[in-house]
Amino acid sequence: MLFESVKIGPVTAPNRFYAVPHATGHGWSQPDGAIALRAMKAEGGWGVVASQMTEIAADSDLASHPMDRIWDERDITAHAKQVEAIKAHGSLAAIELAHGGMRARNYTTGLPVRGPSHLPILRPEVPIQASEMSLADIAEFRHAHKGAARRAIEAGFDILYVYAAHDLSLLSHFLSRRTNQRSDAYGGALKNRMRLLREVLEDTLEVAAGRQAVALRFSVAEPGQRLGLSHKDEGREVVEILAELPDLWDVNISGWSQDSATSRFSEEGFQLEFTDFVKTVTSKPVVGVGRFTSADFMVSLVTQGRLDLIGCARPSIADPFLPSKIKQGHLDEIRECIGCNICVSMDGYGVPLRCTQNPTIGEEWRRGWHPESVPAATDVKNYLIVGAGPAGLECARTLLMTGHKVTLADAAEQAGGRVSRESALPGLQSWVRVRDYRLQMIRQHNNAELYLSSRLTLEDLVEFDADSTVIATGSSWRDDGVGSTRFQPVDLGSRAVITPDNIMSGTALPDDSIHCVVYDDDHFYMASVIAEKLVALGHRVTYVTPLASVSSWTDFTLEQGRIIDRFNSLGIVIEVNAGLGDGGEFNSTLTGKTIPLDYETLVLVGARLPDDKLYHQAAVEKKLSSVFRIGDCLSPGTIQAAVLAGHTHARQSGSNFTKPLSFRRQGIYCSE
């Protein structure tokens, strides 16, 4: 059923797998990277592959968020190359034409930001205001959108998007009662606020003239947003009024943190409660998203008449070959998205995608990596990998793909290292997929051996006499107060101090530990899940951090607001701008005054130290001809970084490279 064709207006998708628009981090200045990434999805069997948000004009410059552009004729060549790469595999090519409206900054163009009303732009930290669009401005915008549609047709796209989603679109801003404070024909009642959306949709259909399909990407609800659309009232009304106009409805929820919620705070298919109604009010095909990874669930969505096409962004990043693996019956070989949003976090830095599950994403053009193949080894070697965590497992999997023999040993009773330990914490259950996928792939090879409960010594390594030894023994959390904001240890005297390692290993807290302080000088997810765990164990918890915000880096993974809500619901007290003092007291980082906190146990979530003793023994005594360390054992970081390190080492070492892998770099030259 998933491989039935679906008619979308004048074009036909070869199957129901739809790779919806999402940013890749390449933008207009690095088109070849994005072209190769999307071509890989087409090769992997996605029936429709869409480009990311594509700016239609120079007054929609999103600055540090590198988007595609189709401002004028000079942009057509790169898009035509993208279309050719997608269609080479039999997929339809779609383009998301968009104007950022009040989300634009126009730093690089110097043009005024445009919006429905005179209001600050939708980035509170940026000192810019939007200029209320006159009727002439609105007419100019419509003209620009039609021009962009014509250029997209010239480039060869099959599907043209009208974008009104995620609070990232001028059309969304006209629809919203929060941002549209006009009193003319484009403001006030819903029929006026949606006037521009209807006009642009009709304009695009006119330009397409029945040759290209026109899709409307629309957020039917804005959960938690004051004056936001709801699927029960105005969001539904918009769909009912425009029901038969577009050739395709691409529906989701807004804003981006709602649409791309992590697995910690949402289940597979979490958007369906908002979008289910759309199929009941339109005869046109509907695509929706919800971090779909289960083939059975996908089938149920079609059989139950909830969706016509299975939309995926993050799952298509984690495994570009997801459709092909389902078609071939290789369900156990799918790299299922774990919903960690490392991919999303890269957008905050304006760099190409990274993924915890798929280390090849973003490297298709730059390093020539393919997610399903690795160059075969010309000289088969015997590798010993010490440590079966994310780095060791990925290194082993990749080396086995090249044809080498691999022995993998770990001191623990269970493989997975930090992945196994962390996936037992609140909300992180899906992270175990990082371990399970790699174990499944490793077990398919006859030249692989895995030994658990095997703590190896230097003598063991020497006796094994591998051609190459890889140390991937991970890292441990520090218990001396060193963290991101303090590089010197703290004298904590006789205070009861524990780390996340103690809690994950099941170490019992002291009997008098009624009140626990979790001190976050790491600033990602760990301190917050440890705080949740302690509450579940019956402790009273205060979360303390020297920074001005809770779990500050989770703003990049779109979780920060939800973490704060979770803290409040669990009664976890929050203390920000509070640094750890030399005696275990806490001092305000703003005033220097002591913050009174009586507690029995201090949980330090700060820096980590590599568990690299075995590596240094081998390196110093030089009893091994070839020994390397990778992952957290070399540089403690994210799970994604550990997986990438394991993959990179295997590609480099397993393919007989003697120098670090080089990167292709794209230069942009323009004489005009």
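Aromatic (Phe, Trp, Tyr), part of a loop (DSSP other than H, G, I, E, B), within 26 Å of Val11 (Cβ to Cβ) and modelled with pLDDT of 95 or more - does that describe any residue in segment 153-173? The answer is yes, given that some residue of segment 153-173 is aromatic (Phe, Trp, Tyr), part of a loop (DSSP other than H, G, I, E, B), within 26 Å of Val11 (Cβ to Cβ) and modelled with pLDDT of 95 or more. Screening Asp410 on (1) surrounded by fewer than 24 Cβ atoms within 10 Å (Cβ to Cβ); (2) under 24 Å from Lys613 (Cβ atoms); (3) in contact with a Ser or Thr (Cβ under 7 Å, 6 or more places away or on another chain) shows it passes everything except condition (1).
Since Gly427 meets every condition but one in (1) assigned to a loop (DSSP other than H, G, I, E, B); (2) over 19 Å from Thr638 (Cβ atoms); (3) not aromatic (Phe, Trp, Tyr), which condition does it not meet? Status for Gly427: all satisfied but (2).
Checking each residue in segment 492-522 for being at pLDDT below 95 and touching a Gly at 6+ places or on another chain (Cβ under 7 Å) picks out Leu492, Gly493, Arg495.
Checking each residue of segment 416-424 against the condition of being in contact with a His (Cβ under 8 Å, 6 or more places away or on another chain), crowded, with 22+ Cβ neighbours inside 10 Å and closer than 23 Å to Asn382 by Cα gives no match. Against the test of being under 22 Å from Gly255 (Cα atoms) and of a type in the set (Asp, Glu), the options Glu125, Glu154 yield a single qualifying residue, Glu125. Among the residues that make up segment 252-262, is at least one of them surrounded by fewer than 24 Cβ atoms within 10 Å (Cβ to Cβ), in contact with a Lys or Arg (Cβ under 9 Å, 6 or more places away or on another chain), in contact (Cβ under 8 Å) with a residue 40 or more places away in the chain and of a type in the set (Phe, Trp, Tyr)? For segment 252-262, residues surrounded by fewer than 24 Cβ atoms within 10 Å (Cβ to Cβ), in contact with a Lys or Arg (Cβ under 9 Å, 6 or more places away or on another chain), in contact (Cβ under 8 Å) with a residue 40 or more places away in the chain and of a type in the set (Phe, Trp, Tyr): absent. Would you be able to say whether some residue in segment 340-361 is closer than 21 Å to Ala50 by Cα and among the basic types (Lys, Arg)? Yes, segment 340-361 has at least one match. Residues in segment 371-387 that are under 27 Å from the mean Cα position of the chain (by Cα) and either assigned to a loop (DSSP other than H, G, I, E, B) or within 16 Å of Pro352 (Cα to Cα) (or both): Pro371, Glu372, Val374, Gly387. Of all the listed residues (Ala93, Ala88, Ala80, Ala104), the sole one being out of contact with any Ser or Thr (no Cβ under 7 Å at 6 or more places or on another chain), of a type in the set (A, V, I, L, M, F, W, C) and free of Cβ contacts under 8 Å to residues at least 60 places away in the same chain is Ala88. One residue stands out in segment 152-191 among those that are acidic (Asp, Glu) and crowded, with 21+ Cβ neighbours inside 10 Å: the one that is nearest to Ala94 (Cα to Cα), namely Asp158.
Each residue in segment 594-631 was checked for being modelled with pLDDT of 95 or more, closer than 30 Å to Val573 by Cα and outside any strand (DSSP E or B), and 2 of them qualify. Applying the criterion of being outside any strand (DSSP E or B) and of a type in the set (Gly, Ala, Ser) to the residues of segment 430-453, the residue that is farthest from Asp611 (Cα to Cα) is Ser430. Filter segment 7-37 for residues that are closer than 25 Å to Val207 by Cβ and part of a helix (DSSP H, G or I) and give the result. Once the filter is applied, which keeps residues that are closer than 25 Å to Val207 by Cβ and part of a helix (DSSP H, G or I), segment 7-37 yields Pro31, Ala34, Ile35.
If we scan segment 575-590, do we find a residue that is in contact (Cβ under 8 Å) with a residue 40 or more places away in the chain, in contact with a His (Cβ under 9 Å, 6 or more places away or on another chain), in a loop (DSSP other than H, G, I, E, B) and not hydroxyl-bearing (Ser, Thr, Tyr)? No, segment 575-590 contains no residue that is in contact (Cβ under 8 Å) with a residue 40 or more places away in the chain, in contact with a His (Cβ under 9 Å, 6 or more places away or on another chain), in a loop (DSSP other than H, G, I, E, B) and not hydroxyl-bearing (Ser, Thr, Tyr). Arg74 meets the conditions (1) out of contact with any strand residue (DSSP E or B) (no Cβ under 7 Å at 6 or more places or on another chain); (2) among the basic types (Lys, Arg); (3) under 29 Å from Glu372 (Cα atoms) in every case but one. The failed one is (3). Filtered by the rule that a residue be over 14 Å from Leu408 (Cα atoms) and crowded, with 17+ Cβ neighbours inside 10 Å, segment 437-453 gives a lone residue, Tyr437. Of all residues in segment 475-491, those that are in contact with a strand residue (DSSP E or B) (Cβ under 7 Å, 6 or more places away or on another chain) and either surrounded by 19 or more Cβ atoms within 10 Å (Cβ to Cβ) or part of a loop (DSSP other than H, G, I, E, B) (or both) total 8. Among the residues of segment 1-43, those identified as of a type in the set (Ser, Thr, Tyr) and out of contact with any Ser or Thr (no Cβ under 6 Å at 6 or more places or on another chain) are Tyr18, Thr24, Ser29.
Listed here are the residues, each with its yes/no results for (1) touching a Phe, Trp or Tyr at 6+ places or on another chain (Cβ under 7 Å); (2) assigned by TED's automatic domain parsing to the domain that holds Asp203; (3) exposed (fewer than 15 other Cβ atoms within 10 Å of the Cβ); (4) in a helix (DSSP H, G or I).
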| position | (1), (2), (3), (4) |
| --- | --- |
| Ala94 | yes, yes, no, no |
| Tyr107 | no, yes, yes, no |
| Gly110 | no, yes, yes, no |
| Glu125 | no, yes, yes, no |
| Ala130 | no, yes, no, no |
| Ala136 | no, yes, yes, yes |
| Phe141 | no, yes, no, yes |
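Answer yes or no: is there a residue in segment 223-232 that is at pLDDT 95 or above and either outside the structural domain of Gly269 (by TED's automatic domain parsing) or assigned to a loop (DSSP other than H, G, I, E, B) (or both). Checked segment 223-232: no residue is at pLDDT 95 or above and either outside the structural domain of Gly269 (by TED's automatic domain parsing) or assigned to a loop (DSSP other than H, G, I, E, B) (or both).
The values are calculated or read from the model by the stated rules, or taken from the named source; none is laboratory data. The shown structure was predicted, so the numbers you read here are calculated from the model rather than taken from an experiment. Note: ideal-geometry Cβ built from the backbone for every residue, glycine included; neighbour counts use all protein chains shown.
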